[in-house]
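Below: the structure, in structure tokens.
The values are calculated or read from the model by the stated rules, or taken from the named source; none is laboratory data. Predicted model only: the values in this text are computed from it and were never measured. Ideal geometry is used to build each Cβ from the backbone, glycine not excepted, and the neighbour counts take in all protein chains shown. Accessible surface is based on the protein model in full, side chains and every heavy atom, while ligands, DNA and RNA are left aside. Shrake-Rupley method; radii C 1.70, N 1.55, O 1.52, S 1.80 Å.
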Amino acid sequence: MNYQSKANKYVCPNDRQLSLRAKLRTGWSTARSEPPLTATEREAIAAVVKRAEKVDEVEARRVGRIVARLEGMRRSAQGPAPRSCLLCGETSRLLAPLRTCSICRNTACPKCVIEMPPHRSPIYSREQYMCNLCAETREMWKKSGAWFYKSLPKYILPERKATRRYNDTELARSLQDAGNSSNEGKTDSEPGSPLSVHAPTFSRQPSNTDSRKSIVSSHDTHHDWNETDILSHGVSGLSLHRTESLNQRSVAGLKRTGSKGSAYSIRSIRKEISKPLTQPERPTTIPDAGFGTLEIKLAYDNGTSSLAVTVLRARGLIGMDMTGLSDPFCRLEILPREGTYSNRLRTKTVHKTKNPEFNETLHFFGITESDLAAKSLEIVLFDDDRYGCDEMGSATVSLRDCAKSPIQLRLALSGATGTEPTGPRVLLALCYSTKKRALVVTICRAAELPPRDSNGYSDPFVKLHLDPDPYHKKHKTSIKWRNLNPIWNEEFLFETRPTELSRQNLTLTFWDKDYGKPNDFLGSLVLGASSKGRRLKHWMDCIKFPDHRHEQWHSLTDTQHL
Amino acid sequence: MGGSDIKWQKDAADQNFDYMFKLLIIGNSSVGKTSFLFRYADDSFTSAFVSTVGIDFKVKTVFRHDKRVKLQIWDTAGQERYRTITTAYYRGAMGFILMYDITNEESFNSVQDWVTQIKTYSWDNAQVILVGNKCDMEEERVVSAERGKQLADQLGVEFYETSAKENINVKTVFERLVDIICDKMSESLDSEPAMLAGGARGQRLTEQPQSNTNPNCNC
């Protein structure tokens, strides 16, 4: 809008102006009979606009504080659970029964709810409680003006480390400068358009891209990022490419944050980021086969004839999930076994890491000195997963060396021994058909299914569904009677898009058909972007190479998750 | 002026408030919009006419129903030549004070046009109050209070006759507008509880990178 330009007094109105004019019924002429604004007028307006910007910025900071406060509450909340408080995790007690929030429908303890004034809520007249989270959200909508604009106005989040609230840190200043300079730059270059620049904006997008860039470019070390920044700005590819100092792992981690946005993953990733900085890794002295190394301490006690195995740490493990991280734990066993009795111990799981610190001592009892000479200790690292465990590597060490004095060892892990799963398993073929725009799942066969009927067999069939699926499609195979190694070779179609597929999970549940009583559960399998190891690989292959049939065996887990 | 300047700065920097409402005063040129604002914000009055250049605003914090409400009151130029600038600020305003001069028939006739402007440029749920200013000049009155009331009823808005010079109803108008907006606020939140539930959360989850482009899978 060249309002001030003297040269073109007549301009062709754009569509928006035309439609507005049509509504105003003021005619179609856009000739400007009035003289253009003088320099002093422009100056006066610019001064007012600048003043307004200052007010807007103060307001944006205030809204930012409200948003941050709510975000903090959300993060510290325990999350919805059936019989515990949404906020503090308190379970129901006799004198303090849980209330149901009439807005979010979650349960919360009496301390974490407020009573709604009865007249306020004509819709939910029965339950008049509101959990603190919903109350706070409501306050935020009121205080920020979002109730009016139907979305949050632009806001600037407070810096985490600034306990002195009104003292601007460098971060804030750079953020602000970036915003101002870009605005001023425009004003200088095209003074004729104060409108386009200074018209109040109510979306938070434009200013945020600026601020995001400035945060990243002005700080080359990543520990200057604070949680709220990552949370609010939503880590995008743009900002990631600008931080060369972030190592590959944290990039992968942050990417996942962007896609999932859960507070938990952010926290764990932050831990990951800061870890290499705080404790420098010792150089690996022994060659490893790409499966990482493991440090253990062995101590044999003659008196109690016990072997104490301290699993210290592992380094450079292979990644098993989407983010390239794993949830490793160690299973220890003394081999060869005596009879059918297996002497297995396991460590706790260390979550979301490739360099776990176990620091855990496990004791094997009843180990004689002659055992030490003949036997060895096998340590297998597994990736902990709700839907089955994948082997990440293993190592075997002879016990002979630790007979006299405790020893500390660093072991190179070797790759997973048996690549084909054993036990109850299923052969599954996945294929994304671009022609049919559907995922074609072929249940080929299953093996070694557990017997559930008194005749020593099962009558297996499989239920399949995709989750989340807008079509809510569910499939079932036929029933193979009296068969523990059934062959189906049945094909099922799920309509979906490849982009959707990376967010979906395919769930297979195996059942034993029974008449007159509920079907028995045989096992399950979940494939998807959130699964790990073999299952993840299979799923990603299917997405990456559409129109190809990907066939693979998978172990079934006996946990039922629906 | 210096004193009021300091006061303004104090008001603008004041963080201690619950809600912030943006109000806009509109109406024909010389109906008394600026005087009205000065009377309310600074409790001052001058009969000298200085045409507002484009746009101006003042900030005032009021206490209403146990809540501190910060008002950013925009004073607009009535002249047609600033129209493009002033209409840009309609979008952010929660409340409008539509003013005419009871001694000026033309300003009253333009009310309908101003309403059209509001409808065109503002948010749908913006609240409007019709104000007939200069009610102290009874002898020069050409628009009767009844006509004003009638028009307000017709438009479905509230109506007040005020005088910035004699400080009649000035405070009342602003307080009433704040009340109307407050009512509207609780009404809109109660009618849309679903909006609350996921609203803020949805905001930052909108950007979902396509995870299948580079799944970063180490298997």
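Buried accessible area for the B:A pair, summed, 1.4 Å probe, in Å² rounded to 100? If you can, show how the numbers build up before the last one.
Working: alone 12840 and 31630 Å², together 37870 Å².
That pair of chains buries around 6600 Å² in total.
For A:K348 and A:A47, calculate 0.36 nm times their separation in residues minus their Cα-Cα distance, and state this gained length in nm to one decimal. It would help to have the intermediate numbers written out before the result.
On the way: separation 301, 0.36 × 301 = 108.36 nm, distance 6.42 nm.
Extra length from A:K348 to A:A47 when fully extended: 101.9 nm.
Note the full-extension length gain between B:E175 and B:N16 as 0.36 nm times their separation in residues minus their Cα-Cα distance, in nm to one decimal. Spell out each step's value before the answer.
Values: separation 159, 0.36 × 159 = 57.24 nm, distance 1.90 nm.
Residue separation times 0.36 nm, minus the Cα-Cα distance, leaves 55.3 nm.
The solvent-accessible area of A:M73, taken with every protein chain present and a 1.4 Å probe, is close to 40 Å². Note on B:S44/A:K517: beta-carbon distance plugged into 1/(1 + (r/R0)^6) with R0 of 60 Å gives a FRET efficiency of 0.10.
The modelled label-to-label distance for the pair A:L409/A:T368, using points 7 Å beyond Cα in the direction of Cβ, is 2.2 nm.
Filter A:K150/B:K119; A:K54/A:K150; A:K154/B:K171; A:K111/B:K184; A:K474/A:K513 down to the pairs with a C-alpha to C-alpha distance above 26 Å, please. Provide the component values of the computation, followed by the final result.
Numbers: A:K150/B:K119 17 Å; A:K54/A:K150 23 Å; A:K154/B:K171 31 Å; A:K111/B:K184 30 Å; A:K474/A:K513 17 Å.
Among A:K150/B:K119; A:K54/A:K150; A:K154/B:K171; A:K111/B:K184; A:K474/A:K513, the Cα-Cα distance tops 26 Å for A:K154/B:K171; A:K111/B:K184.
First check a/c for region B:32-98, with a ≥ b ≥ c the square roots of the eigenvalues of its C-alpha gyration tensor; if it is under 1.5, answer rounded, and if not, answer prolate when a/b is larger than b/c or oblate otherwise. Could you put the intermediate results ahead of the total?
Working: a/c = 2.93, a/b = 1.31, b/c = 2.23.
Because a/c hits 1.5 or more and a/b fails to exceed b/c, region B:32-98 counts as oblate.
For region A:496-539, a reduction of at least 50 Å² in accessible area between the chain on its own and the assembled protein chains (probe 1.4 Å) is found at A:R503. Remark: spin-label model distance B:E106-A:S305 equals 11.4 nm, labels positioned 7 Å along the Cα→Cβ axis.
Set the bar at 26 Å for Cα to Cα. Now go through A:K142/B:K58; A:K143/B:K60; A:K435/A:K532 and name every pair that lies beyond it. Please list the in-between numbers first.
Working: A:K142/B:K58 22 Å; A:K143/B:K60 16 Å; A:K435/A:K532 28 Å.
Correct reply: A:K435/A:K532.
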